[in-house]
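The values are calculated or read from the model by the stated rules, or taken from the named source; none is laboratory data. Please read all numbers here as calculations on a predicted model, not as lab measurements. Cβ: placed from backbone, ideal geometry, glycine included. Neighbour counts: every protein chain shown. Surface accessibility is based on the protein's heavy atoms, side chains included, excluding ligands, DNA and RNA. Shrake-Rupley method; radii C 1.70, N 1.55, O 1.52, S 1.80 Å.
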Amino acid sequence: MHETSVSPLYAQLQREEPLSRVRLPFGEPAWLATRHADVKLVLTDPRFSRAIAQGLDQPRLRRQSTGDGIMGMDPPDHTRLRRLVGKAFTSRRMNQMRAGVETLAHRLIDDMAAKGPEADLVEDFARLLPVTVICDLLGVPFEDRDVFSTWTEGVTGEATMKGDVLFEIGDELDKYMADLVAQRRREPTDDLLGALVFARDHGDKLTDTELIALAGAGLLTGGVETVASALPSFVFTLLTRPDLLERLRRSPELMPGAVEELLRHVPINTAAMFARYALEDVRFGDVLVRTGDPVLPALHAANRDPEVFADPETIDFTRSPNPHVTFGHGPHHCIGAQLARMELQESLTALLSRLPELRLARGPQGVEWKFGVIVRGPSRMPIAW
């Protein structure tokens, strides 16, 4: 099966068993929701909880079970934290940041060209861009971006499926963020971390534990790994579909719609995760989900639901509306979605305009893939131009 494909089993489940019993490598059995409507219901209905999953043997890909930070909260606690961080991710702020991201993308391309005639798109571009952007947004020292990149990759990578490294990385990340928080208290700053410290110390009821988890595992990891995986996956899709690549080169104004369609069509999540637990009996057609049952929303399956997306296997840059759930839905909709969209738009625009002969240096078979615990995508992508 193609690395950017979705298993045809999901389509079969949507037709025959939209809520099915599954078991992940670790944790208790769960229901798997595959239809778009059911996935949205599980993500938004207050009869389902993330908070009560904490401390339970929730279905998961990792051996170790750790706290999920903001992803392990329900309103009103979740609402309080989102409100604090949301001020940094407004559409206006993203538009203000766009020129800087464009400049960064072109600088990284200059660096690749200087090293040429080949580069690894993942290490030389796709990881560096979001790491640099999120470090700048949070106020993390630029010279520490390499260790940050190592941490974020480690938290989401295959090694954590076996255990062993997750607690160690988490402790290192928490200690680093705690030191930065202490520094902000001594010397206040106007970056996002400085704003969160101010909120913590001036009555917004943000605990130090919440602050460190939100800034570290939440914003840093979420702000890096999604784009670092999606961008090379999108480039791979375009380079192996010359018709799509040519259309985008010929009509660059299609880029926003193209990014939305690639977000819908190209799977970024490794698997269904972050189970919601039923607080009461909930009926889905002929299936009764009983109180205390976990339900896993399959976002990548929902994005191919033919009841919502006409001809879902076709990539259509003009698809409208496009209500994909790649960034989730409802209270836990990814707070950095607008930032990720903007980074993907500017990165692809820069790559296609600056490298008209962009190609896979060793063909599709030369691309190495990762299948970690949260995101999937290329781990190495040799390109030439």
Next item on the list: With the condition kept exactly as written, say whether any residue in segment 24-36 is in a loop (DSSP other than H, G, I, E, B), in contact with a strand residue (DSSP E or B) (Cβ under 6 Å, 6 or more places away or on another chain) and open to solvent by less than 20 Å² (accessible area, probe 1.4 Å).
Entry: yes
Note to self: Could you go through segment 315-337 and let me know if any residue there is open to solvent by less than 40 Å² (accessible area, probe 1.4 Å), among the small types (Gly, Ala, Ser), more than 19 Å from Ala37 (Cβ to Cβ) and not in a loop (DSSP other than H, G, I, E, B).
What the structure shows: yes
Note to self: Tell me whether segment 288-300 contains one or more residues that are of a type in the set (A, V, I, L, M, F, W, C), buried (at least 22 other Cβ atoms within 10 Å of the Cβ) and under 28 Å from Leu239 (Cβ atoms).
What the structure shows: yes
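Going by the structure shown, is Glu17 at pLDDT below 95 and open to solvent by 20 Å² or more (accessible area, probe 1.4 Å)? Don't jump to the end; show me each part of the working.
Values: at pLDDT below 95: no; open to solvent by 20 Å² or more (accessible area, probe 1.4 Å): yes.
Taking the combined requirement at face value, the residue does not satisfy it.
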Next item on the list: Filter segment 346-384 for residues that are surrounded by 21 or more Cβ atoms within 10 Å (Cβ to Cβ) and basic (Lys, Arg) and give the result.
Entry: Arg376
Note to self: Here's a check for you: in segment 94-133, which residue that is within 20 Å of the chain's Cα centre (by Cα) and of a type in the set (Lys, Arg) is least open to solvent (accessible area, probe 1.4 Å)?
What the structure shows: Arg127
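In segment 320-333, is there at least one residue being aromatic (Phe, Trp, Tyr), at pLDDT 95 or above and touching a helix residue (DSSP H, G or I) at 6+ places or on another chain (Cβ under 7 Å)?
No, segment 320-333 contains no residue that is aromatic (Phe, Trp, Tyr), at pLDDT 95 or above and touching a helix residue (DSSP H, G or I) at 6+ places or on another chain (Cβ under 7 Å).
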Notebook entry, point to check: How do the pairs read when you match residues in segment 349-364 that are closer than 9 Å to Ile383 by Cβ with residues anywhere that are surrounded by 13 or more Cβ atoms within 10 Å (Cβ to Cβ) and charged (D, E, K, R), using Cβ under 6 Å and keeping only pairs 6 or more apart or on different chains?
Noted result: Ala361/Glu118
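How many residues, within segment 338-363, are part of a helix (DSSP H, G or I) and either at pLDDT below 95 or not β-branched (Val, Ile, Thr) (or both)? Show your work before the answer.
First, the residues of segment 338-363 that are part of a helix (DSSP H, G or I): 338-354.
Imposing the further condition that a residue be either at pLDDT below 95 or not β-branched (Val, Ile, Thr) (or both) reduces the set to 338-348, 350-354.
Selection size over segment 338-363: 16.
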Item checked: Residues within segment 245-292 that are touching a Lys or Arg at 6+ places or on another chain (Cβ under 8 Å), acidic (Asp, Glu) and farther than 24 Å from Ser353 by Cβ, tallied -> 2
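Mind checking whether some residue in segment 142-162 is at pLDDT 85 or above, open to solvent by 40 Å² or more (accessible area, probe 1.4 Å), out of contact with any Ser or Thr (no Cβ under 8 Å at 6 or more places or on another chain) and basic (Lys, Arg)? Walk me through how you get there before you give the answer.
Residues of segment 142-162 that are at pLDDT 85 or above, as a first pass: none.
No, segment 142-162 has no match at all.
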